[in-house]
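> Got a structure for you, questions after.
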Amino acid sequence: MQLQNRQTQNISSPKSYTHQDWQKGYESQPREFDYWIDDIEGEIPPELQGTFFKNGPGLLDINGDRIHHPFDGDGMICKIAINQSRAHFSNRFVQTEGYLAEKKAGKILYRGVFGTQKPGGWLANIFNVNIKNIANTNIIYWGNKLLALWEAAQPHRLDPHTLKTLGLDSIQGTLQPGDAFAAHPRIDPHSQRDGGAPCLVNFAVKPGPSSTITIYELNPTGEVVRQHSHSIPGFAFLHDMVITPNYCIFFQNPVRFNPFPFLLGWRGAGQCIDFNPHEKTKIILIPRDGKSEVKIIDTEPCFVFHHANAWEENGEIFIDSICYESFPSVDPDGDFREVDFDTVPAGQLWRFQVNLESETVQHQVIETRCCEFPSLHPERVGRPYRYLYIGAAHAPQGNAPLQAVLKLDLETQTQQIWSAAPRGFTGEPVFVPRPGGTREDQGWLLLLVYDAAHHRSDVVILDAEDLTPGPIARLHLKHHVPYGLHGSFTREWFGPQG
Ligand code: CO
């Protein structure tokens with residue numbers, strides 16, 4: 001796969017950021033806060049009401065012992081409750097078994113999937129497959145439950161008002177101890193099999209020499225209404241999924257898992273993944289009816305963490321995904337804070353067109369700018385769509401930290417960008433539709449932006465119709481929030497009671 005930035009990334013140009021500024025956004029935030037945000041630039045639109053939840057690693061060290069990779073950091077939930085142009089902030093760590101045990105012991109007790117080792121070298125880690133459920137990847141409100149998700153284990157349920165951890169959740173008895181529930185559910189806004197009612201579609205993977213994928217579909221009260229499992233040949237590292245009305249779609253990246261260094265304590269499991277550029281990526285299409293045949297179709301070797309969207313059109317399936325030319329592997333001896341962006345592949349937006357009859361795939365690059373964390377109008381999930389919003393690098397070429405938000409008009413092939421460079425760092429924008437809006441881009445983008453100049457974070461609200469004038473409101477927090485992963489918005493108000 002020849003990517004355009006390969007040829008251009010070595011052209012030296014001044015960087016839009018300093019490495020030192022970027023690194024500061026990975027400082028741990030051990031404190032828990034609760035306050036009304038009183039430092040606001042601009043105005044929060046009065047029609048914007050509800051609660052914005054974010055999840056991400058809050059601790060990047062345990063008592064000074066640095067964890068090896070941010071994906072291993074303990075989950076910390078941020079809640080921004082917005083009502084009548086006012087906003088209330090609070091954050092709490094998910095009280096996982098591992099978080100509580102390490103807090104008590106004051107040191108690292110568990111091995112992380114991405115290479116955090118217990119002190120003591122490989123002897124202390126040998127055959128220790130006791131992985132910590134860190135609940136740090138996503139947070140959703142569904143079926144009157146607030147759930148913190150981590151892909152390799154059961155979700156943790158939290159009180160949406162206080163963020164108090166209530167314990168592991170079994171999804172109304174569906175999940176048994178040891179079962180997983182992925183961090184990337186998709187909400188079908190109008191499920192065909194439920195008379196057009198919304199439904200949450202999620203999955204779980206048991207990887208191995210052959211892997212088992214289980215699909216769960218939950219109705220709005222949180223009850224599992226469909227569940228089916230499928231065995232797939234080969235090791236499957238599946239972080240995300242996309243849906244259409246009829247399919248759940250996965251990309252099985254051409255990676256191999258060698259468990260021995262992990263079992264022997266040399267490496268984290270995430271470091272035992274090898275990318276094979278000579279093997280094809282497999283597109284797995286699992287029919288949502290649970291009965292029809294699973295299709296597996298080969299395409300170009302590439303690596304995907306996140307998909308943007310998918311839809312069906314005239315017997316073909318279209319999939320938009322953030323593609324890397326290889327697995328951005330974790331150096332077992334390096335510190336992620338010291339990463340040289342020029343040596344790591346950048347994510348780019350690709351479109352795959354799958355013909356189900358001929359079982360062939362065509363693909364094209366839609367956007368070459370380095371980007372991650374796509375978001376779209378919730379009514380367009382699984383359907384043809386026009387607008388995509390995504391975290392992006394400031395510069396149009398090369399790999400770099402996310403400092404901007406890009407809006408792509410996929411119909412006119414035009415784009416808008418808002419950049420927080422040089423000292424601001426962005427992440428996932430969450431699209432919130434404007435109540436009563438009729439156009440697909442009528443709404444707001446909510447995101448946390450790390451401001452290195454003040455070592456604090458801002459909640460930024462952008463008008464999704466036009467990003468170019470910059471934020472319509474910037475809510476300055478009193479502290480920083482380490483770079484997060486995924487979040488969601490609910491119209492329910494979970495601010496302070498009384
Ligand atoms: Co993700």
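> Straight-line reach only, C-alpha to C-alpha below 18 angstrom: list the aspartates and glutamates that LYS24 could link to, leaving out same-chain residues fewer than 8 apart.
ASP61, ASP65, ASP72, ASP74, ASP335, GLU338, ASP340, ASP451, ASP458
> May I ask you to order 398-406, 229-237 by the average number of other C-beta atoms within 10 Å around their residues, highest value first? Let's see the in-between values first.
Working: 398-406: 23.8, 229-237: 16.3.
Top to bottom by mean Cβ count within 10 Å: 398-406, 229-237.
> Taking amide hydrogens as modeled 1.01 Å from N in the peptide plane, which residues meet the under 5 Å criterion relative to ALA346, leaving out close sequence neighbours?
It is GLU325, by chain and number.
> Run a plain Debye calculation on region 20-490 (Cα atoms as equal point scatterers, no solvent) and give log10 I(q)/I(0) at q = 0.10, 0.13 Å⁻¹, rounded to two decimals, same order as the q list.
Log10 of I(q)/I(0), two decimals: -0.71, -1.32.
> Further question: Below 8 Å between Cα atoms, with a sequence gap of 6+, how large is the relative contact order for the chain in percent?
16
> How many percent of Cα pairs in region 370-498 exceed 18 Å? Write down the numbers at each step before the final one.
Working: 4396 of 8256 pairs.
When all Cα pairs of region 370-498 are counted, 53 percent exceed 18 Å.
> Can you run phi through the Karplus equation (6.51, -1.76, 1.60; θ = phi - 60°) for region 281-292 and list ³J(HN,Hα) in whole Hz, with x for Gly and Pro?
7, 10, 8, 9, 10, 9, x, 6, 6, x, 10, 5
> Using packing as a proxy for protection, rank 34-47, 350-363, 200-213, 442-455 so that the peptide with the highest average count of other Cβ atoms within 10 Å comes first. Let's see the in-between values first.
Working: 34-47: 13.5, 350-363: 15.7, 200-213: 18.6, 442-455: 21.1.
Top to bottom by mean Cβ count within 10 Å: 442-455, 200-213, 350-363, 34-47.
> Among GLN20, GLY178, CYS323, which residue has its Cα furthest toward the positive end of the charge dipole of the chain, with +1 on Lys/Arg Cβ and -1 on Asp/Glu Cβ?
So the residue we want is GLY178.
> If you take the charge dipole of region 20-490 about its Cα centre, with +1 on Lys and Arg Cβ and -1 on Asp and Glu Cβ, which of ALA81, HIS377, VAL339 is farthest toward its positive end?
Most positive-ward Cα: ALA81.
> Can you list the residues, at least 5 places off or on another chain, whose amide H is less than 5 Å from the amide H of ARG226, using H built in the peptide plane?
GLU217
> What ranking do 177-189, 240-252 get when scored by the average of other Cβ atoms within 10 Å per residue, highest first?
Numbers: 177-189: 18.8, 240-252: 22.8.
Result, highest mean Cβ count within 10 Å first: 240-252, 177-189.
> Each residue of region 41-58 in turn: what ³J(HN,Hα) in whole Hz from Karplus with 6.51, -1.76, 1.60 and θ = phi - 60°, glycine and Pro shown as x?
Per residue, the Karplus-derived 3J(HN,Hα) values read 9, x, 9, 6, x, x, 6, 7, 9, x, 10, 9, 10, 10, 10, x, x, x Hz.
> Okay, next question. Under a point-charge model restricted to the Cβ atoms of Lys and Arg (+1) and Asp and Glu (-1), what is the dipole moment magnitude of the chain relative to its Cα centre, in debye to the nearest 20?
Values: 43 positive and 57 negative charges, 213 e Å.
Roughly 1020 debye, rounded to the nearest 20.
> I would also like to ask the following. Summing +1 for each Lys or Arg and -1 for each Asp or Glu, what net charge is found among the other residues whose Cβ lies under 12 Å from the Cβ of GLU357? List each step's numbers first, then the result.
Numbers: positive: LYS295; negative: GLU316, GLU359.
Its environment carries a net charge of -1.
> Right, here's the next one. I want the local charge near LEU218. Using Cβ-Cβ distances under 11 Å, sum +1 for each Lys or Arg and -1 for each Asp or Glu among the other residues.
Values: positive: LYS145, ARG226; negative: ASP188, ASP194, GLU217, GLU223.
Every neighbour counted, the sum reads -2.
> Positive end of the charge dipole of the chain (Lys, Arg +1 and Asp, Glu -1 on Cβ, about the Cα centre): tell me which of HIS230, ALA153, PHE275 has its Cα farthest that way.
It is ALA153, whose Cα lies furthest towards the positive end.
> Would you please give the residues with an amide H less than 5 Å from that of ALA153, counting only those at least 5 places away or on a separate chain, with H modeled from the backbone geometry?
Sorted by chain and number, the residues that satisfy this are PHE181.
> Here's something else I'd like to know. Mind putting a number on the dipole of region 379-495 about its Cα centre? Charges go on the C-beta only, +1 for Lys and Arg and -1 for Asp and Glu, and I need it in Debye to the nearest 20. Please list the in-between numbers first.
Numbers: 11 positive and 12 negative charges, 47 e Å.
Magnitude of the dipole: close to 220 debye.
> With charges only on Cβ, +1 for K and R and -1 for D and E, what is the dipole size of region 308-466 about its Cα centre, in debye, rounded to 20? The partial results should precede the final answer.
Working: 11 positive and 26 negative charges, 107 e Å.
Computed charge dipole of region 308-466: roughly 520 debye.
We did not get these values from a lab; they are worked out from the coordinates using the rules stated. The shown structure was predicted, so the numbers you read here are calculated from the model rather than taken from an experiment. Positions of Cβ are backbone-derived with ideal geometry, glycine not excepted, and every protein chain shown enters the neighbour counts.
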